[in-house]
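Okay, so here's the structure we're looking at.
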Amino acid sequence: MTEEKLFTMVGIRPESATPEKKVSRRKGFPWVSVVLMTAIVLCCLAAELLMTKDPGYLDLENFNVAPNGEFLFGTDTLGRDIFSGIWYGGRISITIGFFATVIATFIAVVYGSVSGIAPAWLDNLMMRFAEIFLSVPGLLLVLFLQAILGQANVLTLSIVIGVTGWASIAKIIRTEVRQIRSSEYVVASRCMGGRFFHVLGKHLAPNFVSCVMFMVVMNVRTAIVTESTLSFMGMGLPLEIISWGSMLSLAEKALLTDSWWIIIIPGTFLVTLLMCITNVGNYMRKAANRKGSNL
Amino acid sequence: MSEILLDVQRLSHVFKLGKYAVIKAVDDVSFQMKKGEIFGLVGESGSGKSTVARCIMNVYKPAAGKILYNGIDVCDSRAFRKHRKMLESSRQIIFQDSTSSLNQRMTVEKIIAEPMSIHHIKPPRGSLRAEAEFQLSYVGMDSSYLDKYPTELSGGQRQRVAIARALSMEPELLVADEPVASLDVSIQAQIINLLRHCNEQHGCSILFIAHDLSMVEYLCNRVGVMYHGKLVEVAPTAALYANPQHPYTKALLSAIPVPDPIAERNRSHIDFDETAFDREGTMVEIAPGHWVLRKEDSQ
Amino acid sequence: MEELLKIENLTVGIASPAGKVQAVRDVSLELHPGEVLAIVGESGCGKSILCKTIMKLLPKSAKIEGGKIIANGVDITDYADKDMRRLRGKLFSMIFQDPMTALNPTIPIGKQIAEAIAIHEPKLSKEKVYNRVIELMELVGIKQPHERYKLYPYNFSGGMRQRSVMAIALAANPKILLADEPTTALDVTIQAQILDLLRQIQTKLGTATILVSHDLGVVARCADRVAIMYAGRIVEIGTAEEVYYDPRHPYTWGLMQSLPALNKGAKELKTIPGMPPTLIDPPKGDAFACRNEYALEIDYLEQPPMFRITDTHYAATWLLDPRAPKIDSPMGGMGHV
Amino acid sequence: MRRNPALYYGKKALVFLLSVFVLSVAVFYISRLAPGDPLMSYYGERTEKMSVEEKEAAREKLGLNDPIYIQYIRWVENAAKGEFGISFKYKQDVMEVIGSRIGFTLILGGIGFVLTFAGALLLGVLCAWHEDKWVDKILCKGGTLLSCIPEFWLSLALILIFAVTLRWLPSSGAYDIGYKDDWLNRVTHLILPLTIVVLQHLWYYAYMVRNKLLEETRADYVLLGKSKGLSKKDIMLKHCLRNVLPSYISMMAISVPHVVGGTYIVETVFSYPGIGALSYESARYHDYNLLMVLCMMTGVLVIFCNLIGGIINERIDPRIKANEVVQISEVTVD
């Protein structure tokens, strides 16, 4: 490159648009939790293939047997095989958790959007009610409804848990809807003639779905915990219907006979599933660019 | 059709706070806009200029006064419903903060095509995508941006997409609510050139709302100055900047810093005494097209 | 006279998910006592990062990767936070852009100013501190200081809050005052008052000031020397008169030409095409080359060094190289408004 | 801000009474309408053997035949006079039944409440101070795990370890027989249930304090504090924490029912003689009078705490007033 050539004026040479490196969200993806969760859920759904014994059969000879070759996870005080009980029971716990969340989310979406769009006084009233509903201890409410409905089965329990779990999601949806409603692209869309359903479909729904996902996932978790607690206390599913909760309700007697496996094994499954759900939920909530601390 | 595109008559709007406190955001404002004109509305924050813009776009229902657009009073709901289609397509608005004026969940193509899809108009250039592409190239962006999301664009590009969306319906009136306030100087110039280009080529008149007075001086034909909800002075740009009449306009113009060190150093700015500002008084025409808010007696 | 502050080839990198952003690249400048140095540039050019690096107010993800900062003759580049604390407020202090969020909303104004005094003079009696606060409030033009001592930030207007922040910054009468876009969030009339206040304080107390801004008008009002920054580097530095009336760097020309105030009758504003580069992997040569219509071939290959125009006026562009073709600056027509 | 405090508190009191009234009507009606026969709890098995007339006479005696609203009005009159009727199951005056047991619940819930919120504040500040360092990471992981363990299973696990295998701590009852007034014995009985109550709520509030504190450290006034020369400790404690406290205190008020009232699981597992199990039984066996009092107590507690939380929020945190002011400026901007 001669000096003369170096100094010739070449003007603007638009630099090649370097493709901006896509910030991959894979970095923080909770692989372990997702794999574990799917494994547990799949095994529960395919319980029939895995079950070695009939979970409901009361094998009176060998009750309270420690885990051995035949009974992989041992048997409980009524002689039922825990291994097959885990998969069969798991399916019920998960279905209740799922149904309850579907019900809770549905009520929350309706309640939240109405409250978000309603005039100030109605919105205030609905939020006061939601707050009071939220501050009543959840279990007492469920317990109260449960006692009234009498004997529980999978469906009634899901409805009861669902009906008492909607308040927190509703509050989040209401704040989001209120925020989106006043944002400028909704004002612009309304100026252009966008009617209520156009705005709801194109602008409101897609925007508040993402931020509600975290709450929905957490609701599945709370529903499963509520179900197992109720069944443990003898208020949820009766003994004959096997779920992780009802299996643990035999733990009282197990404590006397110091048979640890009746308590530990169902418990570990329950805690692992809940842990995976929480990790997935937290991953969804992590805002993409958290500003660094100024401290 | 009369030459006046927009005629705002004694517009007033109040915001209710709690049961008793009421804030008079816009107080008895009247002005007209001719077709093909760029009318600047300036004032500091809290002066009510954005509220006027939103009343004109029917976002707020004003407490009092009339707004005639092509002879139709947009505030009267019956008239509005009769001409709804025309009103909604021929008036468009663009906002200051480009991040919140575009839906983050929609691609650029859908954003630009939204007005057309709302009104189910058959796009003249074949598909909605082709139409969006044409509008995008008009505002100086190539079609590779069609499938991008607003978060992937810079501030200037987002504002261009907002303008493309507004222009896709060939509007007669474009209300620009501080379109360049949050952009850098060099990008501001690009957007201002684009707006001037739209005005000249499309003949669409622009209501330009800003607090950057040097930009208004460059772009607008006539300027209105607002203070605390009152319109204090309206005049052709040259006349206003040459000899401002109202004390507030004088203070405002003297406060603009000029990029010239020597001139700037020995220039002291005039202070405006808020207490002396009296809200009553009518618009007196002291020169052709130059109106000032003044008490009747003091001529 | 000995410089109050000397920065030599300072380089600062900020780690971000999309890669390391080189916010400040090899910046050198000095600040003399009683002088107002303005740093002008568009958003993303690193002017605010440079300003915060001097006082080490950088977030954890930012690191000084090279160069030296010499404050009052002492090299504070690798000072630990403990040592920096003694200097902050005493040697230099800072005013921020958005007065709405700069003050703690739940503590009365007077108390926040008193806290700034007590840090560096712990032994002062309560009574003396109170008088000092009142004196500071009067200095920055807050009327009825006694009543307003107890009020909360939300009782104050934007302008008043910015004055309180200035009172806090001047509490331990620092030698250097760093102002990071102090008037951007304010209205025009209040901005004029705050700029006049800055000038009064600078003349009365003689504090050297670094004013960071993107508005050439604001800078013209109170700057003695001006440094133009682009993509993390200083591209032109000189006295206000030199930079405004005889700019030599194409970027400065571009900035001046896109100002409506300077081309009153022009049909169309002359704009700088393209967009500022992301500083994750800046181009080999001059970062402004790809937007510069006067770019030379060498601009795409090598960074231009600082060329000396006069003792106080320097510009980093190959156009000033003797071998470069002579072109007259397009600013001929402009000048006094 | 307020015209006069009397009007403000008057309005609040009115809202309180109204909510209590609505609650009482709801509880009264729901319990009456629900399926199930109240006589079961009064006469137990003998109800099957009783003939139809006897049942009628028994129902008449207990006044269960009148329309519900008459029963409600009668209940309100008695309640005004301070006697809430007798519990069908325990055949004692309802207040005595509750009185004997409420003390235990208050001890367990009360101490649990204090420990939870003190611990949550300490833990939250600790995590925020060591943000993104190993301390914070471990505590977060541990806290999330703890919050994933259902309360009843945690109790079982601790009983299994401490009571069954190690035999250090008793696993049931409030005191051993015969040691009624030996307070040391009572304390040992309290240790396990108290740990459960605290561990159950600790991380939820600690995580909230941590996140609110971290949010404050992102604020601009932190930079101003640093540029004054304040140390990290001063800024964190004097400025950031001070802004978190108002919402923390109102959170404490709102969660009184959760922590103090939510002890029935622990009471059942540890067969601790609190009012926990009572509320379930009364609902299950339609012991109306007992049910009404228990529900009203919880309900009133909830509404009262909500009100207090709201008032605290407004009084302490000037920002709430600021929000109102900001809202005013937002509305009139331009």
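FYI, it's all coordinate maths here, none of it is from the lab. Keep in mind it's a predicted model, so treat the numbers as computed, not measured. Methodologically, a virtual Cβ is constructed for each residue, glycine included, from the backbone with ideal geometry; neighbour enumeration extends over all protein chains shown.
Structure summary
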{"read-out": "Helix-derived mean residue ellipticity, 222 nm - over chain A, DSSP H n ≥ 4, -39500 (n - 2.57), to 500", "value": "-20500 deg cm²/dmol"}
{"read-out": "Integer Hz, Karplus 6.51/-1.76/1.60 couplings in order for the range D:123-135, x for Gly and Pro", "value": "4, x, 5, 4, 5, 5, 5, 9, 3, 6, 9, 5, 4"}
{"read-out": "Projected-area mean, the range D:209-295, by convex hull of Cα positions, square nanometres", "value": "8.2 nm²"}
{"read-out": "Distance between the range D:216-263 and the range A:162-220 - C-alpha centres, whole angstrom", "value": "30 Å"}
{"read-out": "FRET efficiency, 1/(1 + (r/R0)^6) with R0 22 Å, evaluated for residue D:106 and residue D:182 via beta carbons", "value": "0.65"}
{"read-out": "Long pairs among C:68/C:90; C:56/C:90; B:34/B:250; C:56/D:228, criterion Cα-Cα beyond 18 Å", "value": "C:68/C:90; B:34/B:250"}
{"read-out": "Centre separation in Å (Cα based) which lies between the range B:91-112 and the range C:281-335", "value": "38 Å"}
{"read-out": "Whole-Hz ³J(HN,Hα) from phi, Karplus 6.51 cos²θ - 1.76 cosθ + 1.60, for the range B:282-295, glycine and proline x", "value": "10, 6, 10, 8, 8, 7, x, x, 10, 9, 10, 7, 8, 5"}
{"read-out": "Per-residue HN-Hα couplings for the range B:210-218 [Karplus 6.51, -1.76, 1.60; θ = phi - 60°; Hz; x = Gly/Pro]", "value": "7, 10, 8, 5, 5, 5, 5, 4, 6"}
{"read-out": "Paired Rg and Dmax values of chain B, which use every Cα atom, in angstrom", "value": "20.1, 63"}
{"read-out": "Ranked A:57, B:60, C:230, criterion: other C-beta atoms within 10 Å, fewest first", "value": "A:57, B:60, C:230"}
{"read-out": "Set of aspartates and glutamates near residue D:141 by C-alpha distance (under 19 Å), chain-local residues within fewer than 8 positions excluded", "value": "D:131, D:132, D:151"}
{"read-out": "Amide hydrogen neighbours beyond the local backbone of residue B:34, cut-off 5 Å, H modeled", "value": "B:5"}
{"read-out": "Label-to-label distance, nm, for residues given as residue B:117 and residue A:178 (7 Å Cα→Cβ offset)", "value": "3.0 nm"}
{"read-out": "Rel. contact order, % - alpha carbon contacts under 8 angstrom, at least six apart, chain C", "value": "20 percent"}
{"read-out": "Unsatisfied cross-links (Cα-Cα over 30 Å) in the set B:82/B:148; B:16/D:11; C:284/D:133", "value": "B:82/B:148; C:284/D:133"}
{"read-out": "Relative contact order of chain A, pairs being alpha-carbon contacts under 8 Å that are 6 or more residues apart, as %", "value": "23 percent"}
{"read-out": "Other-chain or far-sequence residues with amide H under 5 Å of residue D:169's (modelled H)", "value": "D:163"}
{"read-out": "Calculated [θ] (222 nm, deg cm²/dmol) that DSSP helices of n ≥ 4 give over chain D, each run adding -39,500 (n - 2.57)", "value": "-24000 deg cm²/dmol"}
{"read-out": "Cα shape, the protein assembly as shown, gyration tensor, a/c 1.5 rule", "value": "prolate"}
{"read-out": "Within-9-Å neighbourhood charge of residue C:56 [Cβ basis; K, R +1; D, E -1]", "value": "+2"}
{"read-out": "Among D:73, D:157, D:144 - extreme Cα towards positive end, dipole of chain D, charges at beta-carbon", "value": "D:144"}
{"read-out": "Under 30 Å from the Cα of residue D:89 - lysines, other chains or at least 8 residues apart", "value": "A:253, D:49, D:55, D:61, D:81, D:180"}
{"read-out": "Amide H contacts under 5 Å for residue B:65, placed H, 5+ residues apart", "value": "B:12"}
{"read-out": "Cross-link reach list, lysines versus residue B:122, counting only Cα pairs under 19 Å and skipping chain neighbours closer than eight places", "value": "B:85, B:110"}
{"read-out": "Euclidean distance between Cα centres, the range B:130-153 to the range C:258-273, Å", "value": "26 Å"}
{"read-out": "Shape category assigned to the range C:245-336 from the gyration tensor of Cα positions, a/c cut at 1.5", "value": "oblate"}
{"read-out": "Pairs from C:6/D:233; D:212/D:233; C:111/D:238; A:171/D:238; C:126/C:175 whose Cα-Cα separation, in the structure shown, is over 20 Å", "value": "C:6/D:233; A:171/D:238; C:126/C:175"}
{"read-out": "Shape category assigned to chain C from the gyration tensor of Cα positions, a/c cut at 1.5", "value": "prolate"}
{"read-out": "The range D:102-273 - percent relative contact order, Cα under 8 Å, separation 6 or more", "value": "40 percent"}
{"read-out": "Calculated [θ] (222 nm, deg cm²/dmol) that DSSP helices of n ≥ 4 give over chain C, each run adding -39,500 (n - 2.57)", "value": "-8500 deg cm²/dmol"}
